[in-house]
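Derivation of every value follows stated rules applied to the coordinates shown; laboratory data play no part. On a predicted model such as this, the values are computed, not experimentally measured, just so you know. Methodologically, a virtual Cβ is constructed for each residue, glycine included, from the backbone with ideal geometry; neighbour enumeration extends over all protein chains shown.
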Amino acid sequence: PAAPTPATPAVEAATEPEKKEASGWNFTAGLAASFRANYGGATLFPFSADEATAIVAPLQTRVRVTPEIHLGGFGVVGEADTATGAILGLPAESLVGDRRPISSFSVLELRKLYLEYKWASGAFRVGQQTSNWGLGLLANDGAQDPEAGDFGQKHWGNLTYRALLAARPFFGRGGGWRGFETVLAADLIVRDNFGEFSRGDRAFQGVLALRFAKDQDNHFGVYAVYRNQRNLLVTDGGKATDAVVVDFAGKWDLLKRRHRHFKLGWEVVGLTGTTTQARNENAELLKLGQFGMAIKSSYRVGRTTLFLDGGYASGDQNSADDRIENFRFDRDYKVGLILFDQVMAYQSGRSGVRASDPALTGVA
């Protein structure tokens, strides 16, 4: 398994300047809501060497509500999903385990609830927040709808208890100087690819991010994250990780004419550190060395648009040595291959169930 990957700050949202400075103690309130429903089915495919199969035909719903209240520069923002997940059509947990690529039905899930204070050149937020950076290879809030070329829905999103300070230090100089952004954040992870607070994981993060944003369609930046993760339920030194990640990401309109438009988005990630998440007989402390990248591009000529996506993830050819080198994209990042996330996920889940079966392992 890959090591825990640090979540990253929601720079896009935190550093958006006010369109107009609030005067006095103006009170505003808003409520946004959306409903999503979809059904998908797949022909039977083997989950493992024992040729176990099951019907994968989930009927999913989601009602998302986002209330917010503002008084001058102060605000309270929330977001919750209700009646969310698959109502029916998922394989049994006894067959593939509980880490399925599609979430089970849930009556209520809180995604955001935080206090904030905004001023012309920055913002401060504290509370439960979502986390997203770049294309979403590492930190993905699961909020964006699939783009052209993507298959499947986003179901999860990285959640964190966070204190965040975002600012534009050269805002007063005007012009292009206003586009320079800095972010400092301290996190306690609620849920991401490799840690869940409810399962005893305690993952703490320190974040520093720098970005230049011309506008919402033209920006690039780099961030560094240090992550320290332990598990309260493990006392033998297992499930411990210390990792550092550096990520360079952005998107830019390289060509924009009346009848032609070329857009490019990219993300390049490097990760190093140590972990005991996957100890083996040859090493208790494993070294991390992972690399991943992705690009998303589109070229429009008249009414015709061509899309080209690409990606790379380092692999690990020797699971018995003292290194973990296989990089994994966030589960909400869609690589654009039909059934890729479902086939791989269900086969991985089935492998875990079989590996823990006493009848197969010989454990009484």
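General observations
- Over 24 Å (Cα to Cα) - which of Lys256/Lys334; Lys239/Lys287; Lys154/Lys239; Lys251/Lys287; Lys214/Lys263; Lys256/Lys296 fall in this group: Lys256/Lys334; Lys154/Lys239; Lys251/Lys287
- Cα gyration tensor shape of region 259-364, rounded if a/c is under 1.5, else prolate or oblate by comparing a/b with b/c: oblate
- Extension gain for Asn318 to Ala32 (0.36 nm times residue separation, less C-alpha to C-alpha distance): 98.0 nm.
- Think of region 295-363 as having a plus end and a minus end, set by charges on the Cβ of Lys, Arg, Asp and Glu; of Ala313, Leu337, Ser298, Ser298 sits farthest toward the positive end of this dipole.
- Restricting the calculation to alpha carbons of region 170-227 gives Rg and Dmax of 15.7, 48 angstrom.
- Taking the charge dipole of the chain about its Cα centre, with +1 at Lys and Arg Cβ atoms and -1 at Asp and Glu Cβ atoms, the residue from Trp252, Gly134, Gly174 reaching farthest to the positive side is Gly174.
- Look at the alpha carbon pairs under 8 Å that are at least 6 residues apart: their mean separation over the length of the chain gives a relative contact order of 15 percent.
- Cα-projected label distance for Met344 with Leu108, points at 7 Å along beta-carbon direction, nm: 3.6 nm
- Taking Ile69, Ile102 and counting other C-beta atoms within 10 Å, the order from fewest to most: Ile69, Ile102
- Estimated distance in nm for a label pair at Ala49 and Thr235, the labels positioned 7 Å out from Cα along Cα-to-Cβ: 3.7 nm
- Set the Cα radius of gyration of region 158-282 against 2.2 N^0.38 Å, with N its number of residues, and you get 1.37.
- For the chain, the Cβ-based charge dipole about the Cα centre amounts to some 1340 debye (Lys, Arg positive; Asp, Glu negative; other atoms uncharged).
- Restricting region 316-356 to chymotrypsin sites (Phe, Trp or Tyr not before Pro) in coil, as DSSP defines it, with at most 15 other Cβ within 10 Å: none
- Degrees, to the nearest 10: 340-355 long Cα axis against longest axis of the chain: 40 degrees
- Here is the list for region 242-337: GluC sites (Glu not before Pro) lying in DSSP coil, each with at most 16 other C-beta atoms within 10 angstrom of its C-beta, are Glu281, Glu284.
- Leu208 paired with Ala57, simple spin-label distance in nm, labels 7 Å along Cα-to-beta-carbon: 5.5 nm
- Per-pair calculated FRET efficiency, R0 = 22 Å: Asp253 and Leu184 via Cβ, rounded to 0.05: 0.15
- Cα-based equivalent ellipsoid, region 83-166: semi-axes from gyration tensor eigenvalues, Å: 30, 16, 11
- What the phi angles of region 124-133 give under the Karplus curve with 6.51, -1.76 and 1.60, with θ = phi - 60°, is a coupling list of 10, 9, 8, x, 7, 9, 8, 10, 8, 8 Hz, glycine and proline written as x.
- The convex hull drawn around the Cα atoms of the chain, when projected onto a plane and averaged over every direction, covers 20.7 nm².
- For region 312-340, no residue has its backbone nitrogen under 11 Å from a point 7 Å from the Cα of Tyr299, taken along Cα to Cβ.
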